Amino acid sequence: MYPFFRLAKTIYNARKQTLVSYSHQDEIEFYCHPWDIDMFMEMNNGRILTLYDLGRTALGYKCGLMSTLKKKRWGLVVAGSSVRYRKRVRMFDKITMKTQCVATDDKWLYLEQSMWVEGQPCSSVLIRAGVTSKNGVVPPQEVISASDSSFDHITMPQWVKEWVDSELHRPWPPTNDQVILSSEAEVN
């Protein structure tokens, strides 16, 4: 089930904050609940991705994006992600989630998010997100200009650029062709 109560709490707390830049590193805190865990008694990887939504929502309210979306009748879309899981999150762990827009290009916003327990990083995700209108994807500069906030223009980090470049080589639509590994070919 989607964490509606956490979402409501996140929105309530975010709306009380002062306006920040899109590139501000935002933090929210919450606990790992029994309904977040899997059969291995750790936070489920699907739940982790769902909870990352809350961090993006909080930053969206704090930088004025959500009010801009409502005013312009725009929507949000996640167009790609790359996740790293490195440390287990156990039941009742207190989690600090960090969210920051680290770059933009002519079409997308790139957000880095991470979960931390006791000062140790547990997971991280790079999200390619976009704002949509009835005419398609809205350029990030138009989105930022339409809001009361700003974006401290920074150079796209090399690791983000490399991920963006690697996505250009990934086939779309996915192919049904079978890939034969060289070791399998040698056996036959």
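Below are the figures for this structure:
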read-out	value
Qualifying residue in segment 75-91 (condition: within 18 Å of residue 28 (Cβ to Cβ) and surrounded by 20 or more Cβ atoms within 10 Å (Cβ to Cβ))	yes
Any chance residue 114 is without any contact (Cβ under 8 Å) to a residue 40 or more places away in the chain, in a strand (DSSP E or B) and not aromatic (Phe, Trp, Tyr)	yes
Test for residue 161: is it in a helix (DSSP H, G or I) and either at pLDDT 95 or above or at negative phi (or both)	yes
Candidates 19, 7, 69, 59 - the one that is free of Cβ contacts under 8 Å to residues at least 60 places away in the same chain and within 18 Å of residue 151 (Cβ to Cβ)	59
Residue ID - modelled with the lowest pLDDT, chosen from residues in segment 1-13 that are surrounded by fewer than 18 Cβ atoms within 10 Å (Cβ to Cβ) and in a loop (DSSP other than H, G, I, E, B)	1
Subset of segment 123-155 (residues that are of a type outside the set (D, E, K, R), over 15 Å from the mean Cα position of the chain (by Cα) and either farther than 23 Å from residue 68 by Cβ or not in a loop (DSSP other than H, G, I, E, B) (or both))	132, 133, 136, 137, 138, 140, 141, 143, 144, 145, 146, 155
Residues satisfying the stated conditions in segment 14-56, i.e. among the charged types (D, E, K, R), closer than 15 Å to residue 113 by Cα and not in a helix (DSSP H, G or I)	26, 27, 29
Complete set of residues in segment 13-72 that are among the hydroxyl-bearing types (Ser, Thr, Tyr) and over 21 Å from residue 132 (Cβ atoms)	18, 21, 23, 31
The one condition in (1) of a type outside the set (Ser, Thr, Tyr); (2) under 23 Å from residue 29 (Cα atoms); (3) surrounded by 16 or more Cβ atoms within 10 Å (Cβ to Cβ) that residue 119 fails to fulfil	(3)
Test for residue 91: is it over 18 Å from the mean Cα position of the chain (by Cα) and on the phi > 0 side of the Ramachandran plot	no
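The values are calculated or read from the model by the stated rules, or taken from the named source; none is laboratory data. Small disclaimer: the values here were computed from a predicted structure and weren't measured. For neighbour counting, all protein chains shown are included, and Cβ atoms are generated from backbone atoms with ideal geometry for every residue, glycine included.
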